[in-house]
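The values are calculated or read from the model by the stated rules, or taken from the named source; none is laboratory data. Owing to the predicted nature of the structure, the values given are computational and were not obtained by experimental measurement. Backbone-built Cβ (ideal geometry, glycine too); neighbour counts: all protein chains shown. Note: accessible area is taken over every heavy atom of the protein model, side chains too, but ligands, DNA and RNA are not part of it. Shrake-Rupley method; radii C 1.70, N 1.55, O 1.52, S 1.80 Å.
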Amino acid sequence: RGVFWELGIQATCQRMIKDLEEKGYLRVSLPAPRVSFSEDKKGAELFFNVELGSQTRVSRIDILGVSEVRRKDIEPLVEIKIGDPVSRSVIERTKIDIERFYHRQGYTDVKFAKSEEIVFGEDPSKAIIRFSIEEGAQYFVGQISIDGNRVTKNDVIEREFKLQVEI
């Protein structure tokens, strides 16, 4: 902003940490900067002491709790790839895409196990991304009833349904 604003510095530090974490620097240390004011008090210099740590990259991707056939359907939905920097937001987007896939297949109760999604080994520059899926039951439409219709014929309404009854 061009002006010294103490609360803005805190927000900037938090935003910098988040941006660095998205690039795979998951152990960033960014204390508040040291401030040095000019003699005339019209200027300020900020000194940031950033410790990035090592960049963490994906070494393996596990998809657990599903059959091999289902795994082949899910793998194209995984946005993060081996060798990419670990990004929590990409992992979250992938989980949303996987849930949508399952919902379209009738698995309305699908969820991810509470286990850790990012698994670190001894080498902090490598991590395993783990998607532990609990599919739940698959539901099918057994019957569709149209009630309260007075204007449009039922067969016209039924024709517009995207759902089909499984017998």
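Which residues, counting only those in segment 104-152, are among the small types (Gly, Ala, Ser), part of a loop (DSSP other than H, G, I, E, B) and within 27 Å of Ile80 (Cβ to Cβ)? Those that are among the small types (Gly, Ala, Ser), part of a loop (DSSP other than H, G, I, E, B) and within 27 Å of Ile80 (Cβ to Cβ): Gly106, Ala113, Ser115, Gly121, Ser125, Gly136. Residue pairs whose Cβ atoms lie under 8 Å apart, separated by 6 or more positions or on different chains, with the first residue in segment 11-28 and without any contact (Cβ under 8 Å) to a residue 40 or more places away in the chain and the second among the acidic types (Asp, Glu) and assigned to a helix (DSSP H, G or I), are Val28/Glu21. Per the listing Ile118, Ile63, Ile74, the residue uniquely surrounded by 12 or more Cβ atoms within 10 Å (Cβ to Cβ) and free of Cβ contacts under 8 Å to residues at least 60 places away in the same chain is Ile74. For the subset of segment 153-166 comprising residues that are in a loop (DSSP other than H, G, I, E, B) and either among the hydrophobic types (A, V, I, L, M, F, W, C) or surrounded by 11 or more Cβ atoms within 10 Å (Cβ to Cβ) (or both), which member is farthest from the chain's Cα centre (by Cα)? Among them, the one singled out is Val165. Answer yes or no as to whether Leu26 is farther than 24 Å from Lys111 by Cα, among the aliphatic types (A, V, I, L, M), in contact with a strand residue (DSSP E or B) (Cβ under 8 Å, 6 or more places away or on another chain) and in a loop (DSSP other than H, G, I, E, B). Yes; evaluated as a whole, the condition is true for this residue. Restricting the first member to segment 37-48 and to residues that are under 14 Å from Glu6 (Cα atoms) and in a loop (DSSP other than H, G, I, E, B), and the second to residues that are at pLDDT below 85 and open to solvent by 100 Å² or more (accessible area, probe 1.4 Å), no beta-carbon pair is closer than 6 Å while six or more apart or on different chains.
In segment 71-104, what residues are among the small types (Gly, Ala, Ser) and touching a strand residue (DSSP E or B) at 6+ places or on another chain (Cβ under 7 Å)?
Listed by number, the list holds a single entry, Gly83.
For segment 77-95, a residue qualifies if it is out of contact with any helix residue (DSSP H, G or I) (no Cβ under 8 Å at 6 or more places or on another chain) and open to solvent by 80 Å² or more (accessible area, probe 1.4 Å), and the qualifying residues are Lys81, Ile82, Glu92, Arg93.
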